[in-house]
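*Asks:* Let me begin by handing over the structure; questions about it come next.
The values are calculated or read from the model by the stated rules, or taken from the named source; none is laboratory data. In this text the structure is predicted, and so the values were computed from the model without any measurement. All Cβ positions, even for glycine, are placed from backbone atoms using ideal geometry, and neighbour counts span all protein chains on display.
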Amino acid sequence: MTDRMRAVYALLLGFAVIGGLIAVNWWAFPYVLGRPYLSWYIDNGAGIALVTAIVGIVWKDLDGEIDFISSHPLRYLAASARVIALPPFVVGTHLRSNRARGGAATASGGPAAAARSDLDTLLSIPFALVLCLAIVAWFVTVVPLQYFVYLVAGAPGRLFAASDWRVIVHSGLRNVEFREVHKDDPIPDGWWDASLHNRPVAVTSMFASLLLLLAGWFAA
């Protein structure tokens, strides 16, 4: 099989998975929520995009997952799967009992594990369960239609991420100076990076929210 054929199959597979999830939601939503799937997504899409932006702030390295806004459906799905697998793994790691690094050997002089509150652990478990259920629901209901939103709203973010240039700023008491530099050039002391090349997911979430807000207004 040639590379071109593999690329075509990957593209078709991505669209098949997205189309299948949309078909399931299209059938299930009137029975479960009593309203059409597309109508539900348009009404809630702007808020969902804002939540995604907030998640990007919490997990600031999410912007490094550029495939999350990829125009290739299979890459987008793979990145979405990685993103939803991250919170349960992180939360599960934090919920585990503390262990001294290299093994708990306090009797022989090793470092002791930090004490933890059993009450905090107990109260955190329901939040962890709700989080797991929410991200599964998000993948099934939001991810399929979000692909087409990100296909449009993600264009600026993908373009910015591919830019070789950035803007740095120096703010003084009486003036503000802007300068274009190459992305590999060091930033001088007293200057800060004002460009958006390193925030593609956040930029996409912002434009997606605006796009869906306008769609909701026109659909009303």
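*Asks:* Quick one: in segment 160-179, of everything that is among the basic types (Lys, Arg) and assigned to a strand (DSSP E or B), which residue is surrounded by the most Cβ atoms within 10 Å (Cβ to Cβ)?
*Replies:* 166
*Asks:* Return a yes/no flag: does segment 210-220 have any residue that is farther than 30 Å from residue 14 by Cα, out of contact with any Gly (no Cβ under 6 Å at 6 or more places or on another chain), modelled with pLDDT under 85 and not small (Gly, Ala, Ser).
*Replies:* yes
*Asks:* Can residue 14 be described as modelled with pLDDT of 75 or more, surrounded by 14 or more Cβ atoms within 10 Å (Cβ to Cβ) and in contact with a His (Cβ under 8 Å, 6 or more places away or on another chain)?
*Replies:* Yes: the conditions hold for residue 14.
Residue by residue, here is whether (1) modelled with pLDDT of 80 or more; (2) touching a helix residue (DSSP H, G or I) at 6+ places or on another chain (Cβ under 9 Å); (3) hydrophobic (A, V, I, L, M, F, W, C); (4) closer than 24 Å to residue 200 by Cα holds:
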site: 73; (1), (2), (3), (4): yes, yes, no, yes
site: 81; (1), (2), (3), (4): yes, yes, yes, yes
site: 85; (1), (2), (3), (4): no, yes, yes, yes
site: 90; (1), (2), (3), (4): no, no, yes, yes
site: 106; (1), (2), (3), (4): no, no, no, no
site: 110; (1), (2), (3), (4): no, no, no, no
site: 114; (1), (2), (3), (4): no, no, yes, no
site: 126; (1), (2), (3), (4): yes, no, no, no
site: 143; (1), (2), (3), (4): yes, yes, yes, yes
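*Asks:* Report, by residue number, each residue of segment 166-175 that is hydrophobic (A, V, I, L, M, F, W, C) and either touching a helix residue (DSSP H, G or I) at 6+ places or on another chain (Cβ under 7 Å) or modelled with pLDDT under 85 (or both).
*Replies:* Selection gives 173 alone.
*Asks:* Can you name every residue in segment 180-197 that is of a type in the set (Asp, Glu) and either in contact (Cβ under 8 Å) with a residue 24 or more places away in the chain or not in a loop (DSSP other than H, G, I, E, B) (or both)?
*Replies:* 180, 193
*Asks:* Name every residue in segment 1-28 that is in contact with a Phe, Trp or Tyr (Cβ under 6 Å, 6 or more places away or on another chain) and without any contact (Cβ under 8 Å) to a residue 24 or more places away in the chain, in order of residue number.
*Replies:* 26
*Asks:* Just need a number here: residues in segment 117-136 that are within 23 Å of residue 83 (Cβ to Cβ) and more than 15 Å from the chain's Cα centre (by Cα).
*Replies:* The total comes to 9.
*Asks:* For the structure I just gave you, tell me whether residue 53 is modelled with pLDDT of 90 or more, assigned to a helix (DSSP H, G or I) and more than 18 Å from residue 133 (Cα to Cα).
*Replies:* The answer is no for residue 53.
*Asks:* From the residues in segment 27-44 that are under 25 Å from the mean Cα position of the chain (by Cα) and under 11 Å from residue 141 (Cβ atoms), which one is surrounded by the fewest Cβ atoms within 10 Å (Cβ to Cβ)?
*Replies:* For segment 27-44, the residue satisfying everything is 44.
*Asks:* Something else: Quick one: which of 168, 135 is touching a Pro at 6+ places or on another chain (Cβ under 7 Å), touching a residue at least 24 places away in the same chain (Cβ under 8 Å) and closer than 26 Å to residue 66 by Cβ?
*Replies:* The unique qualifying residue is 135.
*Asks:* Can you go through 35, 101 and tell me which one is more than 18 Å from residue 147 (Cβ to Cβ), modelled with pLDDT of 85 or more and not in a helix (DSSP H, G or I)?
*Replies:* Only one candidate qualifies: 35.
*Asks:* Anything in segment 198-220 that is outside any helix (DSSP H, G or I) and under 17 Å from residue 41 (Cβ atoms)? List them, or say none.
*Replies:* Scanning segment 198-220 gives a single hit, 220.
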